[in-house]
Amino acid sequence: MNDQRSRMLISFAISVAFWYMFSQSLELAVGMLLLVFVHEMGHFVAARLLGLRVSLPTFSPMGGAVQIQSAANVSQEAFVAMAGPLVGGLVSIALMLLAPVLASNQLMTLGYWGVVINLLNLVPLEPLDGGKISLAIDRRLWVLGVPLFLYFLYKIGLDGFNLFIGAFVLFEAWNMIQLRAQQARLAPSFFRVSPGGRALNIVAYLALAGLLTWAALNPVSLLALSVRLGL
């Protein structure tokens with residue numbers, strides 16, 4: 001565990017340095033990596049709740065990751081995958097709500113981009129979290145995931161860094177599509193989900209994606225909500 005903590009702290013510091021060079025703001029760099037940490041700890045806690053072995057997060061300029069023991073089925077994978085954008089997205093919305101209270105434009109920017117990144121993570125395309133969630137709904141949803149991911153990439157901006165991230169995700173996605181097809185042939189029971197479980201995953205997925213989409217598209221309405229709540 002001490003080795004894991006050391007790797008986590010060193011990778012966090014390196015990633016903060018990268019994002020500081022990218023954003024020219026230490027506060028935003030640290031804030032973004034803390035949001036990634038919160039997201040990854042959502043996966044960590046969910047895996048622990050299922051009794052799966054899981055490592056502490058490690059970080060890179062592209063985000064973070066935890067190493068998780070193989071799940072028993074797609075329902076477990078979906079549960080662990082959903083926890084990241086759920087926790088990360090709700091904390092990001094909370095930052096947006098707190099921003100006007102603290103009169104902090106940086107906090108608003110941080111919360112907004114946290115919402116966008118967690119929403120992007122819900123695109124149904126592995127290696128994104130949405131890809132793992134979609135396996136418990138219909139593993140062919142990657143057909144929708146590819147154009148959705150390309151649309152996100154276009155909206156965020158087609159600079160060199162984003163194009164590199166996009167190429168990396170699409171390359172990994174192709175590998176995962178092949179791997180999952182082989183897995184479905186060799187262990188079809190891994191993908192079996194009860195009708196009730198499938199319906200629950202659909203509702204949870206659409207509810208979270210809908211909430212984050214609304215927050216990303218309507219930040220002014222979110223601020224108005226904070227006023228009505230008396231924040």
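Brief remarks on what is shown
- Residues in region 10-62 that are in a helix (DSSP H, G or I), within 15 Å of the chain's Cα centre (by Cα) and of a type outside the set (A, V, I, L, M, F, W, C): 4 in all.
- Tally, over region 96-116, of residues that are surrounded by fewer than 22 Cβ atoms within 10 Å (Cβ to Cβ) and not in a loop (DSSP other than H, G, I, E, B): 10
- Residues in region 164-219 that are of a type in the set (S, T, N, Q) and part of a helix (DSSP H, G or I): Asn175, Gln178, Gln182, Gln183, Ser189, Asn201, Thr213.
- Single residue of Ser70, Ser6, Ser25, Ser60 found to be at pLDDT below 85, surrounded by fewer than 21 Cβ atoms within 10 Å (Cβ to Cβ) and in contact with a Gly (Cβ under 9 Å, 6 or more places away or on another chain): Ser25
- The residue of region 129-140 that is farthest from Leu150 (Cα to Cα), among those that are hydrophobic (A, V, I, L, M, F, W, C) and crowded, with 24+ Cβ neighbours inside 10 Å, is Ala136.
- Any chance Val123 is outside any helix (DSSP H, G or I) and β-branched (Val, Ile, Thr): yes
The values are calculated or read from the model by the stated rules, or taken from the named source; none is laboratory data. No experiment lies behind these values; they were computed from the predicted model shown. Cβ: placed from backbone, ideal geometry, glycine included. Neighbour counts: every protein chain shown.
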